[in-house]
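Undergrad: This is the structure, below, for whatever I ask next.
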Amino acid sequence: MCSVRDLTTTTMAGYKLTYFDFRGRADLIRLLFVSAGIEFEDIRISLDEWPALKLKTPCGRLPILEFGGTTLSESRAIARYVAKETNQYGKDNIEQARVDMITDVADDLMMGIMKAYWQKNQSDQDEMMKTHFQQESLKTLALLETFLVENNGGDGFFVGDKLTMADIYLFVVTEPFLAKNPSCFKDTPKLAALRQRVQEVPQIAEWLPNRPERFSAIM
C-alpha cells in the first residue's frame, strides 16, 4: 500500500528529489522548485540502478521526494505539495481547483502517447502516434486555450495573476508535441505565448540547459 513514511536514513537538510535520468514525471517538480528559487538535490539514477532502489521506495516507483525525515511518493502528490509550499497553487480553493482541472486536462496529452506506446503491433503504434500528435492532441490544446482566454483574455496565466503549477505543466507536457509537430500551436497562439513566458522566467531559463536530454524512457 502506498503511503507517506519516515526514513531514518535521511539526515540532510532541504529537499532530495530522486528520479530517472530523463525529464518524465519529475520535470514539473524540478521546475516548481526552480521557479520558486528553492534549492534541492536532483538525484538522477539509471534504469540499471532502479531494481536495487525499488524495494526501498514507498510505492515501488519514482519519483520520490525526501525532506526532514519524510518521503513522499506519487508525482502529482509531490507536485501539489511543492506548489503549495512555494505559493504556485492558487490563492484559494477555487483557484486551486482550476489548477487541478487544467493539469488534469493537460494530462490527456501524455496519456495519448502512452496509449499508443503500449500497442503491440508496430504499425498500430505508429498510426496511433501520428493521429495523436497531428489530430487528437490539437483538440486538447484548443480546450486549454479556451481555459487560458477565460482568465483576463489569455495574456497572463491560466489562474489568477501569477505563475502557477498549471502554467509550468503546460510548458513541460507540450515539449514532445513541439518536437513531433512544430506547428502544433498554430491555432492556439495564446498557449504558445504563455509557453514562451514560462520559458523566459529567469530561474527557469537558467535551469533549462541542465535538464536531462530525453523526455522519457520512450522518447
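Laboratory data are not the source of any read-out in this text; all were calculated from the coordinates shown. Values in this document were obtained by computation on a predicted structure and should not be read as measured data. Note that each Cβ is placed from the backbone with ideal geometry, even for glycine, and that neighbours are counted across all protein chains shown.
Undergrad: Mind scanning LYS162/LYS190; LYS16/LYS91; LYS16/LYS162 and naming the pairs with a C-alpha gap bigger than 20 Å?
TA: Flagged as over cut-off: LYS16/LYS91; LYS16/LYS162.
Undergrad: Using a 10 Å cut-off around each Cβ, can you sort TYR169, TYR81 from fewest to most neighbouring Cβ atoms?
TA: Details: TYR169 26, TYR81 18.
With the fewest neighbours first, TYR169, TYR81 line up as TYR81, TYR169.
Undergrad: ³J(HN,Hα) across the range 73-86 via Karplus (A = 6.51, B = -1.76, C = 1.60, θ = phi - 60°), whole Hz, x for Gly/Pro?
TA: Values per residue, Gly and Pro as x: 10, 6, 4, 5, 5, 5, 4, 5, 4, 5, 4, 5, 5, 10 Hz.
Undergrad: Quick one: which residues, 5+ away or cross-chain, put their amide H under 5 Å from the amide H of ILE64? H built at 1.01 Å from N.
TA: Residues meeting the amide H criterion: THR18.
Undergrad: Rank these for me by crowding, CYS184, CYS59, going from fewest to most other beta carbons within 10 Å.
TA: Working: CYS184 21, CYS59 15.
In increasing order of surrounding Cβ atoms, one gets CYS59, CYS184.
Undergrad: Taking neighbour Cβ counts within 10 Å as the exposure measure, how do TRP207, TRP50 sort from fewest upward?
TA: Final ranking by Cβ density, sparse to dense: TRP50, TRP207.
Undergrad: Another question about this same structure. Expressed as a whole number of Å, what is the distance separating the alpha-carbon centroids of the range 132-198 and the range 51-87?
TA: So the separation of the two Cα centres works out to 27 Å.
Undergrad: Here is a follow-up. Do any trypsin sites (Lys or Arg not before Pro) in the range 176-219 lie in a DSSP loop with no more than 13 other beta carbon atoms within 10 Å, and if so, which?
TA: Working: sites: LYS180, LYS186, LYS190, ARG195, ARG197, ARG214; in loops: LYS186, ARG214.
Of the trypsin sites (Lys or Arg not before Pro), the ones in loops of the range 176-219 whose Cβ has at most 13 other Cβ atoms within 10 Å are LYS186, ARG214.
Undergrad: Right, here's the next one. For every other residue with a beta carbon closer than 12 angstrom to the beta carbon of ARG211, add +1 if it is Lys or Arg and -1 if Asp or Glu, then tell me the sum.
TA: -2
Undergrad: Still on this structure: Within a Cβ distance under 14 Å of GLN196, other residues only, what is the Lys/Arg minus Asp/Glu net charge?
TA: -1
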